Amino acid sequence: MGMLGNLGIDPLYIFILLFLIQILLFVLLININMKYNRLKTSYTSFMRGKDGKTIEECILDRFDEVEKFANIAKRNRQDIRDINRSILSNYQKLGIVKYDAFHEMGGNLSFALTMLDAKNNGFIINAMHSREGCYTYIKEIVGGESYIELADEEAESLERAIYQESYDSDIKDIIEE
């Protein structure tokens, strides 16, 4: 009886205790193994994704879609810039004044038409109708001003084109006539 005998412990008790600990560890190992298998099954099912497609494939597909959308957005931004540049040079402001040029025909057959771009550059067309014929004049407008003196009707037409917002209803009335 060696050392254990001197301590007053029977070696059979130690052997039984070690055997019980070994059984407990074996039960814990089985429990952990079962949890691992359940987790592995869940992970495999999750990674397989829908229709047998893996999550990795889904993520890569989404990255491709995001890249396509980014390219489309980039092209759209450039197209919008191009459109905005071209709009600045298009005639977008309109002013029109109808009048009786010679007070003889009994109707407002003469008109002054102003067409301007965003920078108030454009022209005024003045068409004056009389019994003998129609006389048409055009005057260039640069920065909202003419280098040639404007008739009252032409000046009013230019003002209507420049300050379009306040005259929109008047223009609609003239167009409807």
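Readers should treat all values here as calculations from the given coordinates under stated rules, not as data from a laboratory. The shown structure was predicted, so the numbers you read here are calculated from the model rather than taken from an experiment. A quick note on method: Cβ atoms are made from the backbone with ideal geometry, for glycine too, and the neighbour counts reach across all protein chains shown.
Return the equivalent ellipsoid semi-axes of the chain as a descending list in whole Å, where each equals the square root of 5 times an eigenvalue of the C-alpha gyration tensor.
99, 17, 15
Assuming R0 = 41 Å, what is the FRET efficiency of L109 and N76, from their Cβ-Cβ distance, to the nearest 0.05?
0.30
So what J values fall out for segment 126-141 if you push phi through Karplus, 6.51 cos²θ - 1.76 cosθ + 1.60 with θ = phi - 60°, rounded to Hz, Gly and Pro as x?
Ordered by residue, 3J(HN,Hα) equals 10, 10, 10, 9, 9, 5, 7, x, 10, 10, 10, 10, 10, 10, 7, 10 Hz.
Using only DSSP helix segments of four residues or longer, with each worth -39500 (n - 2.57), what per-residue ellipticity at 222 nm results for the chain after dividing by its residue count and rounding to 500?
-20000 deg cm²/dmol
Once phi is turned into θ = phi - 60°, what whole-Hz ³J(HN,Hα) does the Karplus curve with 6.51, -1.76 and 1.60 give for every residue of segment 66-80, x standing for Gly and Pro?
Whole-Hz 3J(HN,Hα) from phi for segment 66-80: 4, 5, 4, 5, 5, 5, 5, 4, 5, 5, 4, 4, 5, 4, 5.
Two decimals, Cα atoms only, Kirkwood Rh: what is Rg/Rh over segment 1-48?
Result for segment 1-48 is an Rg/Rh of 1.46.
Could you compute the FRET efficiency for S86 and L60, with r as their C-beta to C-beta distance and R0 at 45 Å, rounded to 0.05?
0.70
Among all lysine pairs in the chain that are eight or more places apart or on different chains, how many have alpha carbons less than 16 angstrom apart?
Pairs that pass both the separation and distance tests number 4.
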